[in-house]
Amino acid sequence: MYSLVKKLTKVIIGTVGLGVIGLSGVVSQPAYATDGGASSDNSVITVATKDQLPGTKSPDFLYGRGMVTEHQSDPAYNGRLYATSEHYVTGTPSFVISESTDHGGTWKVVGEVKDLNKGVGNRYQPFLYELPEKVGNMDEGTLICAGNAIPGDLSSSSIVLYKSTDHGRSWSYLSTVANGGKAVMGSTPGPIWEPFVKVIDHKLVCYYSDERDQTHYAQKLVHQVSNDGVNWGSVVDDVDFNNSAARPGMVTVAQMPNGKYIMTYEVVNSGEWRTNFKISDDGLNWDSSSEGTRLAYGGSPYITVLPDGTLVANTAGQGDLFVNKNNGTGTWEDVKMPMDDAYSRSLTALPNNQVLLVSGGRLKAPDSTEDNILTSMVYDLPAQYHRATVQFANQPTSLAAGKTANFTVKLSDSSAADFDITTDDAQDVTVEKQADGSYQLKVNSNFVGQKDVTVTATKKDDASFSANFKVSITGQAAPTPDNNNSTNTGTTGTITTPSSSSQATTIKPSTTQPTTTSQPAATKKFKQFKVYAKTGIRVYKGVDFKHVVKSYAKHSRTNAKTFIVTGKAYSKNGALRYKTAAGYITANSKYVANLYYQTAPKKVTVLAKAGTYEYTKPTFSKANRSTHLKKGTIVKVKKLVKQGSLSKFVLTNGHYLTANKKLIIAQP
């Protein structure tokens, strides 16, 4: 791939004609975080230098890649950042894995992906990925590293996958997706380049650049699919231009709020060097003959989607970011930021709507005598560039049987919008739009008990704009008559008393003897609790999962679908199910988890974009609010206390903090 770099750096971009090479600017000198963590946001932080890794030689690092963990079974390992890159050494190359436990403030090496299969070295184009669900025998949270295994003489190219089940500390060979020819552009047989891995429709998909079909194309973009990460299906074309000399390359793919997928890739075509994108309904069918739409000039692009639905992209040739708020349609805004561009600078969406950038610096030839530094930045995209979100005002947190409460809903940018408002328990809580544009919630006057109900607002013309809030509803049962104090009048009559099942029990006393009412044995009430969906999930009508009531797409943890578990049941084959107001869901911990922490970690980090509050008392009222904690803030925990189905943390300063996993995340 790099055999022509020296020559290319002497010519103008318009005459390059080699799309997989992205020329870039010079990386700025890194700033070092003084105290790490969130205070280092928007600063360039050093991940690695040649002095830190013995045996490193110029150009040291290229092709930086980042990742954040969100699906680890041990909550202490969620929210950690990881980085890797091409690493140039005097011996056999490998991909060095660095980890940050303080939100990108500092980094340390924790692992190394060595070539355990071909023995030639993992040389070019690494890519890091965390499985969001189980694939084959690999559990959710398994880390994947893809890359190009290439010998020192560049005589072959192979896209290989490795996996780690111990948080990047050790890596084992998983599979070879495909094999190609000599790792020099235009060679025969042609090489393969630049893997990008993603789970789509419960399968592992590997996209990559392919020069093997040189009879028809200088290069094209393709993908292969695997059910288990080991066995790979046939090659499917994604981008193959009508111009056989064109070179689409360096593909990245992300899913948008509307459920569709967007692909970015660079194009070198008739002297033009640019980044294009196109959109697919399912991420697997891309209309390969379509060249797509130009996003920006410059190559080696990358795209990600923030939890709030904002699309963020970048290219080489510019240090800017490009953002889009409307599922890839309309305007892409140009955002200036304090980090220089680089050869294939990666973007990773963080749970708090920030962006992790990892840069290996400007493009250099393998025999360059200049040094690159591997750097990172956690970037806080200015508020005006974020996609609008659905916001509520005056929404109630609790409501008694027979009572009503009004609330309003709007988009955060105040643009015109009409909403559908629904609840997940229409039997007990109804909602009606009022003449003034507000919405009124009403609790059934016959409701008895206590439970939480979810109220959801969805924009009518675009269901990707959606949000919800919880309201706790309560209702008291009618008092039970004291039958033992009744006086028998000697006439036949009836006494009606509520039973544990809320059904009336009719008793006919004798005309000659006093009668006492025998109450049925009390049934132990199920203690309700809340769970959130860790991945896409379906609600079924019955415990045997034959009829789907509703499907929910996977969302980030902060926007995950939540359910109130009102009971438990077992399928015919013995699988545990959770009963909810809408139907039955799986109880498998790979798919759902308790919404509230049940044990106290040593410290937690705020995930919520709007932050959250410390409270001086366990009752979370406005009067008891203390410090507002911004997203990314880390606080120390003393213990956990429970209030019904809720959990709260007691901090070391004596204040209280929510233990809701959508708002905070545990740290080691």
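Of Asp420, Asp436, Asp428, Asp424, all but one fail to be surrounded by 15 or more Cβ atoms within 10 Å (Cβ to Cβ), out of contact with any helix residue (DSSP H, G or I) (no Cβ under 6 Å at 6 or more places or on another chain) and without any contact (Cβ under 8 Å) to a residue 60 or more places away in the chain; the exception is Asp428.
Conditions (1) assigned by TED's automatic domain parsing to the domain that holds Arg80; (2) surrounded by fewer than 20 Cβ atoms within 10 Å (Cβ to Cβ), marked per residue:
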{"residue": "Ile262", "(1), (2)": "no, no"}
{"residue": "Asp281", "(1), (2)": "no, yes"}
{"residue": "Val312", "(1), (2)": "no, no"}
{"residue": "Leu357", "(1), (2)": "yes, no"}
{"residue": "Gly360", "(1), (2)": "yes, no"}
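When only residues in the range 218-257 that are β-branched (Val, Ile, Thr) and either in contact (Cβ under 8 Å) with a residue 40 or more places away in the chain or not assigned by TED's automatic domain parsing to the domain that holds Val160 (or both) count, which is farthest from Asp462 (Cα to Cα)? Filtering the range 218-257 for residues that are β-branched (Val, Ile, Thr) and either in contact (Cβ under 8 Å) with a residue 40 or more places away in the chain or not assigned by TED's automatic domain parsing to the domain that holds Val160 (or both), the one farthest from Asp462 (Cα to Cα) comes out as Val230. Here Gly147, Gly152 are screened, and the one residue that is assigned to a loop (DSSP other than H, G, I, E, B), out of contact with any helix residue (DSSP H, G or I) (no Cβ under 7 Å at 6 or more places or on another chain) and in the same structural domain as Gly190 (by TED's automatic domain parsing) is Gly152.
Taken over the range 623-639, the residue count meeting the criterion of being at pLDDT 90 or above and either closer than 20 Å to Tyr532 by Cα or in contact with a Lys or Arg (Cβ under 9 Å, 6 or more places away or on another chain) (or both) is 5. Among the numbered conditions (1) part of a strand (DSSP E or B); (2) surrounded by 17 or more Cβ atoms within 10 Å (Cβ to Cβ), the only one that Asp115 does not meet is (1). Contact annotation: residue pairs with Cβ atoms under 7 Å, 6 or more positions apart or on different chains, pairing a residue in the range 610-621 that is at pLDDT 90 or above and in a loop (DSSP other than H, G, I, E, B) with a partner that is surrounded by 13 or more Cβ atoms within 10 Å (Cβ to Cβ) and polar (S, T, N, Q), are Thr616/Asn624; Thr616/Ser626. If the condition is being assigned to a loop (DSSP other than H, G, I, E, B), among the hydrophobic types (A, V, I, L, M, F, W, C) and modelled with pLDDT of 95 or more, then the range 184-203 contributes no residue at all.
Note on the range 130-174: among residues that are crowded, with 21+ Cβ neighbours inside 10 Å and of a type in the set (Phe, Trp, Tyr), the one that is farthest from Gly536 (Cα to Cα) is Trp171. For the range 613-631, the criterion of being under 20 Å from the mean Cα position of the chain (by Cα), among the polar types (S, T, N, Q) and under 28 Å from Asp425 (Cβ atoms) is satisfied by no residue at all.
The values are calculated or read from the model by the stated rules, or taken from the named source; none is laboratory data. Not measured: the values here are computed from a predicted model. For neighbour counting, all protein chains shown are included, and Cβ atoms are generated from backbone atoms with ideal geometry for every residue, glycine included.
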